[in-house]
Amino acid sequence: MLGRPRDGAPYGSDPAVALLELSSVARGYRVADALVKRATVVIRRAEPIEPGKYLLIFSGPVGEVEEAYDAGTAEAAGTLLDQLFLPQVEPRVVLALAGALPEHEIDAIAVVECYTVASAVLGLDAALKAAEVRPVDLRLAQDLGGKGFFVLTGELVDIEAAVEAAKGVIRGDALIEIVARPHADFVDAVLRPRRRG
């Protein structure tokens, strides 16, 4: 479930993002209600994820997101499995969360696969801030056993710098692959369908 921009604000205009992952779907509904009652934020994701967990991602002004984050973590109590608060998020992370990334020319690519949703969002933010790379895709939790991954494109040297930055902030291990010169058939068959979907 994706929230609408506040008052017509474009996706990517929110300076802060927060994430809560809970062990209970039922409590997830209650937490989602509690955080929007506390502060003016946009819910970007609010959905059950594998295996039997609940994911909440929301964005907005830093103070509002922090207030909602505090309310949500308090309401989640013992069901809270993972959490993330990014007060100065790279704007394209919000675009990726909203499924609103533009299509890019594909150069070298990197695929960064993380064992948690929070790590994928954190890694993407760090990668985009570190180098001149472009986000191609961000997938979180669904059909991934609760994992997350993102795809970047750019000049090979920038891709390598972005990957190093992501590795520096990702919690735990990550599976990372770089394709220096992707074939056109691969781009059309693998990357373009994902961008349209």
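Return the pair list, or none, for Cβ contacts closer than 9 Å from residues in region 138-155 that are among the β-branched types (Val, Ile, Thr) to residues that are surrounded by fewer than 19 Cβ atoms within 10 Å (Cβ to Cβ) and part of a loop (DSSP other than H, G, I, E, B), at least 6 apart or on different chains.
153/104; 153/105; 153/107; 153/182
So, in region 139-148, exactly how many residues are of a type outside the set (Lys, Arg) and surrounded by fewer than 20 Cβ atoms within 10 Å (Cβ to Cβ)?
Here is the first cut: in region 139-148, the ones of a type outside the set (Lys, Arg) are 140-146, 148.
Next, from what is left, pick out any that are surrounded by fewer than 20 Cβ atoms within 10 Å (Cβ to Cβ): 142-146.
Final tally of qualifying residues: 5.
Within region 169-182, does at least one residue satisfy the condition of being in a helix (DSSP H, G or I), under 17 Å from residue 17 (Cα atoms) and not assigned by TED's automatic domain parsing to the domain that holds residue 84? I'd like the intermediate steps shown before the answer.
Initial filter on region 169-182 (in a helix (DSSP H, G or I)): 169.
Next, from what is left, pick out any that are under 17 Å from residue 17 (Cα atoms): 169.
When the remaining residues are screened for being not assigned by TED's automatic domain parsing to the domain that holds residue 84, the result is 169.
Checked against the condition, which is being in a helix (DSSP H, G or I), under 17 Å from residue 17 (Cα atoms) and not assigned by TED's automatic domain parsing to the domain that holds residue 84, region 169-182 yields at least one hit.
Any idea how many residues of region 106-133 are free of Cβ contacts under 8 Å to residues at least 40 places away in the same chain and outside any helix (DSSP H, G or I)?
Selection size over region 106-133: 3.
Would you confirm, using the coordinates I've provided, whether residue 137 is assigned to a helix (DSSP H, G or I) and of a type in the set (Asp, Glu)?
Details: assigned to a helix (DSSP H, G or I): no; of a type in the set (Asp, Glu): yes.
In short, no.
Within region 65-83, which residues are crowded, with 16+ Cβ neighbours inside 10 Å, farther than 16 Å from residue 23 by Cβ and either of a type in the set (D, E, K, R) or under 14 Å from the mean Cα position of the chain (by Cα) (or both)? Reasoning before the result, please.
Of the residues in region 65-83, the ones crowded, with 16+ Cβ neighbours inside 10 Å are 65-69, 71-73, 75-76, 79-83.
Checking the rest, the ones that are also farther than 16 Å from residue 23 by Cβ come to 65-69, 71.
Answer for region 65-83, where residues must be crowded, with 16+ Cβ neighbours inside 10 Å, farther than 16 Å from residue 23 by Cβ and either of a type in the set (D, E, K, R) or under 14 Å from the mean Cα position of the chain (by Cα) (or both): 66, 67.
A quick yes/no check of all residues on (1) closer than 19 Å to residue 98 by Cβ; (2) in contact (Cβ under 8 Å) with a residue 40 or more places away in the chain; (3) touching a Pro at 6+ places or on another chain (Cβ under 7 Å):
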position: 35; (1), (2), (3): yes, yes, no
position: 42; (1), (2), (3): yes, no, yes
position: 48; (1), (2), (3): no, no, no
position: 51; (1), (2), (3): no, yes, no
position: 58; (1), (2), (3): yes, yes, no
position: 61; (1), (2), (3): yes, yes, yes
position: 67; (1), (2), (3): no, no, no
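Name the residue, out of 99, 145, 172, 72, that is at pLDDT 95 or above and not aliphatic (A, V, I, L, M). Walk me through it before giving the result.
Numbers: 99 fails: at pLDDT 95 or above; 145 fails: at pLDDT 95 or above; 172 fails: at pLDDT 95 or above.
72 is the lone residue from the list that is at pLDDT 95 or above and not aliphatic (A, V, I, L, M).
Scan region 32-49 and tell me whether some residue there is hydroxyl-bearing (Ser, Thr, Tyr), crowded, with 19+ Cβ neighbours inside 10 Å and at pLDDT 90 or above.
Taking every residue of region 32-49 in turn, none turns out to be hydroxyl-bearing (Ser, Thr, Tyr), crowded, with 19+ Cβ neighbours inside 10 Å and at pLDDT 90 or above.
The values are calculated or read from the model by the stated rules, or taken from the named source; none is laboratory data. Source: prediction; values computed, not measured. In this analysis, Cβ positions are derived from the backbone assuming ideal geometry, glycine residues included, and neighbour counts consider all displayed protein chains.
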